[in-house]
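*Asks:* There's a structure below that I have some questions on.
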Amino acid sequence: MKWLVTGGAGFIGSCFVRTALTEGWADRIINVDKLTYAGNIENLEPIAHHPAYGFVQADICDADVMEELFAREAPDAVIHFAAESHVDRSIHSPAPAIYTNLNGTFTLLEAARRSKVARFVHVSTDEVYGSIEPPHEADENYPLRASSPYSASKAGSDLLALSYFTTYGLNVSVTRASNNYGPYQFPEKLIPLMISNALDDKPLPVYGDGQQIRDWLYVEDHCRAIRSVLEKGAPGEICNIGGNCSLPNLEVVRRILRATGKPETLITRVADRPGHDRRYALSSAKLTRETGWEPAMSFDRGLEATVEWYRHNSQWIRHVKSGEYRQFYELNYSNRTV
Ligand code: NAD
Ligand code: DAU
């Protein structure tokens, strides 16, 4: 089997590519990535010379390039991770999220339809369901109530992907996962940002009252779930993927401080995110029923492994915290002090 993976130099995509090649999930994997600020070729160092691995630097919104690539490579399946994935960036500057998440998905679906790709997995998010009042949790039929430009662009791309099944019979699955964490995550997201700041004895900026709830999923568990959907998912269906670990942000930050051995005085309350979703909660019962998948990593073990990885990869952190990172950090946090 030949798989075309988009966004394979990012956090989750690179975990998928590394794991798939190491464990022999496919005969060949072509990774298509534009290498935006979030894409990092260093994330693929462990498998860079694997004989089954190929890399193409390209923008998924470029229809001519995608058309030519699909014709040349004739992949058996597409696993589509590439996206602008950060909510705060989509709030400060929505255009890149709309461009890549909507146009890029459209371009790939078109290329897949024309070249008659047998399988297409569109990797999406639980954010499309919006904030959910306790004790409810979203199943796959829950209404879409996206709050940010990021989540709205993902909701739109989900509908577009499903329409290619209904209209053209393209064998599409949509996965909706909860918050991922683990090694190689860009330090703009809650867990890697807090770990990296704690290791540097810098303030840990908690938005609002810190009581917002997220469901935490270890990245390798997510990648195994995607493989299950790819191989066993029914055409035209949505599958939720949750970590079964709901925690308020403040509790996550406290556990990070304990794991890094740093004091709680580093916690700094800052102004809230506009339109901040209070609680995400989703049921993965369908995925477990249909494929047998369940998350294997407990949060405490996963967090410990993640902290250890960041502790031992200070050079990776230094590289990704380039000038661009500092600019965004300034923009995002300078006006938040409360
Ligand atoms: P990421 O930001 O770490 O990586 C995104 C990758 O996509 C990068 O390598 C980047 O270079 C590439 N990319 C961006 N625009 C591109 C373009 N126009 N053409 C080609 N490549 C492009 O993202 P992530 O956290 O690994 O998320 C991957 C996918 O999973 C996204 O679709 C995201 O919506 C979804 N998701 C993420 C989470 C999470 O917690 N991080 C949870 C659920 C779903
Ligand atoms: O739920 C899945 C989604 O999880 C994915 O679709 C997104 O790609 C991914 O970025 C993530 O979105 P969130 O907005 O939930 O993740 P983030 O890490 O940005 O924030 C997690 C929570 O922590 C959220 O309630 C905001 C809060 N937060 C975040 C940052 C960066 C803070 O309190 N302080 C911070 O500095």
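The values are calculated or read from the model by the stated rules, or taken from the named source; none is laboratory data. Given the structure is predicted, the values throughout are model-derived calculations rather than measurements. Quick reminder, even Gly has a Cβ in these numbers, built from the backbone with ideal geometry, and neighbours come from all protein chains shown. Each accessible area value is taken on the protein alone, full model and side chains, heavy atoms only, with ligands, DNA and RNA left out. Shrake-Rupley method; radii C 1.70, N 1.55, O 1.52, S 1.80 Å.
*Asks:* Just wondering, is there one or more residues in region 134-154 that are in contact with a Phe, Trp or Tyr (Cβ under 8 Å, 6 or more places away or on another chain) and near ligand 1 (Cβ under 9 Å from one of its atoms)?
*Replies:* No: region 134-154 contains no residue that is in contact with a Phe, Trp or Tyr (Cβ under 8 Å, 6 or more places away or on another chain) and near ligand 1 (Cβ under 9 Å from one of its atoms).
*Asks:* Against the condition under 21 Å from LEU204 (Cβ atoms) and surrounded by 16 or more Cβ atoms within 10 Å (Cβ to Cβ), how does SER228 come out, does it pass?
*Replies:* no
*Asks:* List, please: which pairs have Cβ atoms under 8 Å, are six or more places apart or on different chains, and start with a residue in region 43-56 that is under 19 Å from GLN315 (Cβ atoms) and end with one that is surrounded by 13 or more Cβ atoms within 10 Å (Cβ to Cβ) and among the polar types (S, T, N, Q)?
*Replies:* What qualifies is ASN43/SER14; LEU44/SER14; LEU44/ASN31.
*Asks:* I'm checking my understanding of the structure. Among residues of region 242-293 that are closer than 27 Å to ALA225 by Cα and part of a strand (DSSP E or B), which one is most open to solvent (accessible area, probe 1.4 Å)?
*Replies:* Among them, the one singled out is SER246.
*Asks:* Another one. Kindly check whether there is at least one residue in region 285-295 that is within 29 Å of LEU144 (Cβ to Cβ), modelled with pLDDT of 95 or more, away from ligand 1 (no atom under 16 Å from the Cβ) and among the small types (Gly, Ala, Ser).
*Replies:* Yes, region 285-295 has at least one match.
*Asks:* Continuing with this model, one more query. Would you mind telling me which numbered condition in (1) farther than 25 Å from TYR181 by Cβ; (2) open to solvent by 60 Å² or more (accessible area, probe 1.4 Å) LEU108 fails?
*Replies:* Of (1) farther than 25 Å from TYR181 by Cβ; (2) open to solvent by 60 Å² or more (accessible area, probe 1.4 Å), only one is false for LEU108: (2).
*Asks:* Of all residues being of a type outside the set (Gly, Ala, Ser) and within 17 Å of GLY24 (Cα to Cα) in region 46-62, which is farthest from ligand 1 (Cβ to nearest atom)? Just the residue, please.
*Replies:* PRO51
*Asks:* Go through region 209-240 residue by residue and tally those that are in a strand (DSSP E or B) and within 10 Å of ligand 2 (Cβ to nearest atom).
*Replies:* Final tally of qualifying residues: 5.
*Asks:* Scan region 111-123 residue by residue and report those that are in contact with a strand residue (DSSP E or B) (Cβ under 8 Å, 6 or more places away or on another chain) and either over 19 Å from SER148 (Cα atoms) or surrounded by fewer than 24 Cβ atoms within 10 Å (Cβ to Cβ) (or both).
*Replies:* Those that are in contact with a strand residue (DSSP E or B) (Cβ under 8 Å, 6 or more places away or on another chain) and either over 19 Å from SER148 (Cα atoms) or surrounded by fewer than 24 Cβ atoms within 10 Å (Cβ to Cβ) (or both): ALA112, VAL117, ALA118, ARG119, PHE120, VAL121, HIS122.
*Asks:* Quick one: GLU133 ticks every box in (1) open to solvent by 30 Å² or more (accessible area, probe 1.4 Å); (2) closer than 21 Å to ALA83 by Cα; (3) out of contact with any Leu (no Cβ under 8 Å at 6 or more places or on another chain) except a single one, so which number is it?
*Replies:* It fails just one condition, (2).
*Asks:* Give the residue that is surrounded by the fewest Cβ atoms within 10 Å (Cβ to Cβ), with candidates limited to residues of region 44-96 that are part of a helix (DSSP H, G or I) and within 16 Å of ligand 2 (Cβ to nearest atom).
*Replies:* So the residue we want is HIS92.
*Asks:* Where residues in region 2-16 are open to solvent by 20 Å² or more (accessible area, probe 1.4 Å) and not β-branched (Val, Ile, Thr), which of them is farthest from ALA74 (Cα to Cα)?
*Replies:* So, considering only residues that are open to solvent by 20 Å² or more (accessible area, probe 1.4 Å) and not β-branched (Val, Ile, Thr), the one farthest from ALA74 (Cα to Cα) is PHE11.
*Asks:* Can you spot a residue in region 131-152 that is over 22 Å from HIS276 (Cα atoms), touching a residue at least 40 places away in the same chain (Cβ under 8 Å) and among the aliphatic types (A, V, I, L, M)?
*Replies:* Among the residues of region 131-152, not one is over 22 Å from HIS276 (Cα atoms), touching a residue at least 40 places away in the same chain (Cβ under 8 Å) and among the aliphatic types (A, V, I, L, M), which makes the answer no.
*Asks:* The conditions are (1) surrounded by fewer than 20 Cβ atoms within 10 Å (Cβ to Cβ); (2) within 16 Å of ligand 2 (Cβ to nearest atom), and GLY39 fails exactly one of them. Which is it?
*Replies:* (1)
*Asks:* Same structure, new question: Go through (1) of a type outside the set (Phe, Trp, Tyr); (2) within 17 Å of ASN180 (Cβ to Cβ); (3) open to solvent by 10 Å² or more (accessible area, probe 1.4 Å); (4) near ligand 1 (Cβ under 7 Å from one of its atoms) and name the single condition ASP33 misses.
*Replies:* (2)
*Asks:* ILE267 - would you say it is within 15 Å of ligand 2 (Cβ to nearest atom), closer than 29 Å to GLY169 by Cβ and not aromatic (Phe, Trp, Tyr)?
*Replies:* The answer is no for ILE267.
*Asks:* Now a separate question. Of the residues SER153, SER173, which is at pLDDT 95 or above and in a strand (DSSP E or B)?
*Replies:* Result: SER173 is the single residue among SER153, SER173 that is at pLDDT 95 or above and in a strand (DSSP E or B).
*Asks:* Further question on the same structure: Determine whether THR19 is open to solvent by less than 30 Å² (accessible area, probe 1.4 Å), more than 16 Å from ligand 2 (Cβ to nearest atom) and either touching a helix residue (DSSP H, G or I) at 6+ places or on another chain (Cβ under 6 Å) or in contact (Cβ under 8 Å) with a residue 12 or more places away in the chain (or both).
*Replies:* Yes: the conditions hold for THR19.
*Asks:* Scan region 192-208 and give yes if some residue there is in contact (Cβ under 8 Å) with a residue 40 or more places away in the chain, within 12 Å of ligand 2 (Cβ to nearest atom), polar (S, T, N, Q) and not in a helix (DSSP H, G or I), otherwise no.
*Replies:* No, region 192-208 contains no residue that is in contact (Cβ under 8 Å) with a residue 40 or more places away in the chain, within 12 Å of ligand 2 (Cβ to nearest atom), polar (S, T, N, Q) and not in a helix (DSSP H, G or I).
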